[in-house]
Amino acid sequence: MVMNGKQEGPQKENLSSVRSYRKVRSKKPNGQLSDNKVPTELRVKQCHEFKIKDKELGTVDLLLHTSHDERVTHYGLQSRATNVVPVTSEALAKKYPNVRDGMVAKIFWGEESRTSEPDILKRVEKIANEHDSVRGHIPELLWHHTFTDPTSAMRKALGVPEPTTGSRVLHILVFPKLRPITELHGKELFDVWYQCILCHIALWKEGVYHRDVSPPNLMWYWKAGKRIGVLNDYDLSSLADEPGPRGNERTGTVPFMALDLLTEEGQRGEVEHRYRHDLESFMWCFAWISLRYKEGVLLPWGLRPFDEWARLDAVACGDKKLVFQARMKVPASTHKDGPMWKLLEECFDVLDELDFTRRRQRRKAGMVEEEKAESESDMDDFLAKFTSTPAWAALSNPSP
């Protein structure tokens, strides 16, 4: 593998909103170099070039645009420091000439003991061949590479006890570029979001458990003049036939996790992660997008709710979300789209009633309730509680 640092040329920043500093080397009067931090109006954009040997293509060139405005870095409960950056590649462009909107590279440190995301995507692709609700609604993996030296090798060399426990390997996956769901609003937002829900339940029934539903993982693209929703990002997913107690493992992105999983019991792994938890996450995603964005644009600080949810620990965030679910109160300055707000009210009424019932049952039992196994009919019934609400039915009707 060869990696080179390159510069993409300077780009001006708006220093009225962001004061940027750049470390420079300057000469002292005596001719020696010194390090100084000085304000700068120009930021040099960086990119990095990789050349990786590949059995099929010989050598794959990857130019990672690591300073691009569209770079996304994600940290969740299972810290893997995922970065998604625009990438260009002559080898992959030649192999996939129909990829018109560009490509992105996903780079992350995955647990060595987990089923890898490429292997999970193979299973997902097989399911897509049998289900229309999945076909076209999953990411297309163009190319991937896993670096062969896991962190366990370094841990073993350092004499760390149980060096393979928690060992990670570096993955690079390349996909066609998709568009974020946060660009959408109104009925177009609802349509794409609902497509992702239908894809998700079909995968869950077939034994692929996503377990990290969050806005960055809900994407879309154009096809034949229609917006097609994509359920993205399977590096924290698990398989029904996978060995080990994955069902009680804590995965997810805190502001969007189900309330059951944000309790102290949930954080200790005493609550099994079920389909209903992921569906609840879809509701939190919809609240986040529809109340923090206006016509696809993130509202300014002070005019959008929920900022503190991203800064709180899991249990404290759960407490805040429980209050919102029960009272549905947001600052008076919050932007509310009429039909979307009505949908939120009705969906969170459903969640609040179900949550109240479960908490009452647990209090009577004096412990965390051990629920029976979740059947496909249980999943259908749970989803139907939302799809049968008047607001959902109204938004599901085709546009005139």
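Taken together, the values in this text are just the output of simple stated rules run on the coordinates, not laboratory data. Predicted model only: the values in this text are computed from it and were never measured. Here the Cβ is made from the backbone with ideal geometry for all residues, glycine too, and neighbour counts use every protein chain on show.
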Legend entry - Global geometry of the range 318-400, whether rounded, prolate or oblate, following the gyration tensor of its Cα atoms and the 1.5 cut on a/c: oblate
Legend entry - Order by protection proxy (mean Cβ within 10 Å, highest first), peptides 326-333, 231-238: 231-238, 326-333
Inset, instruction - With a ≥ b ≥ c taken as the square roots of the eigenvalues of the C-alpha gyration tensor of the range 189-294, please select rounded if a/c is under 1.5 and otherwise prolate if a/b is larger than b/c or oblate if it is not? - result: oblate
Legend entry - Environment charge at residue 91 (Cβ cut-off 9 Å; Lys +1, Arg +1, Asp -1, Glu -1): -1
Legend entry - the range 251-360: C-alpha gyration tensor shape, a/c 1.5 cut-off, then a/b vs b/c: prolate
Inset, instruction - Please compute the net charge surrounding residue 186, taking Lys and Arg as +1 and Asp and Glu as -1 over other residues with Cβ under 14 Å from its Cβ. - result: 0
Legend entry - Whichever aspartates and glutamates have a C-alpha closer than 14 Å to that of residue 94, once near sequence neighbours (fewer than 8 apart) are set aside: 56, 61
Legend entry - Long pairs among 53/106; 177/226; 122/187; 226/385; 294/342; 177/320, criterion Cα-Cα beyond 24 Å: 122/187; 226/385; 177/320
Legend entry - the range 304-400, relative contact order [Cα under 8 Å, separation at least 6], %: 28
